[in-house]
Amino acid sequence: MPLIEITVGQGELTSAEKLRLTRAVQSALVEEYKKIKGRTPRSWVLVRELDIESLLIDGLTVAEIRALKGSPQTQG
């Protein structure tokens, strides 16, 4: 049973957008799985919302990255 997990920042997607995204992913999974295994899988698609303020990317918080993007040294 395939499980696909999609992680997004908290509040980035509305309920309708999450539903649309999970259905599109589910459809693509079923299409490819049928080609590989010859049957329709029972599968799960999960959207996990992450508090991005608790995330580090290359040792920097999201707030620090946003601040750097706004600084003149990183533009252009």
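The values are calculated or read from the model by the stated rules, or taken from the named source; none is laboratory data. What you see is a predicted model; the values in this text were computed from it and never measured. Glycine gets a Cβ as well: all are built from the backbone with ideal geometry, and neighbour counts include every protein chain shown.
Remarks
- Of the numbered criteria (1) of a type outside the set (D, E, K, R); (2) over 16 Å from the mean Cα position of the chain (by Cα); (3) assigned to a helix (DSSP H, G or I), the one Pro41 fails is (3).
- Pairs meeting the criteria (first residue in the range 6-24 and closer than 15 Å to Leu55 by Cα, second residue in a helix (DSSP H, G or I) and of a type outside the set (D, E, K, R), beta carbons under 8 Å, at least 6 apart or on different chains) are Gly9/Ile52; Gln10/Ile52.
- Test: residue in the range 50-60 that is at negative phi, assigned to a strand (DSSP E or B) and in contact (Cβ under 8 Å) with a residue 12 or more places away in the chain: yes
- Qualifying positions in the range 3-23 - surrounded by 13 or more Cβ atoms within 10 Å (Cβ to Cβ) and in contact with a Ser or Thr (Cβ under 8 Å, 6 or more places away or on another chain): Ile4, Ile6
This table checks each residue for (1) at pLDDT below 95; (2) in contact with a Leu (Cβ under 9 Å, 6 or more places away or on another chain).
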site: Ile4; (1), (2): no, yes
site: Val8; (1), (2): yes, yes
site: Glu17; (1), (2): no, no
site: Arg66; (1), (2): yes, no
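- Tally, over the range 1-16, of residues that are on the phi > 0 side of the Ramachandran plot and part of a strand (DSSP E or B): 0
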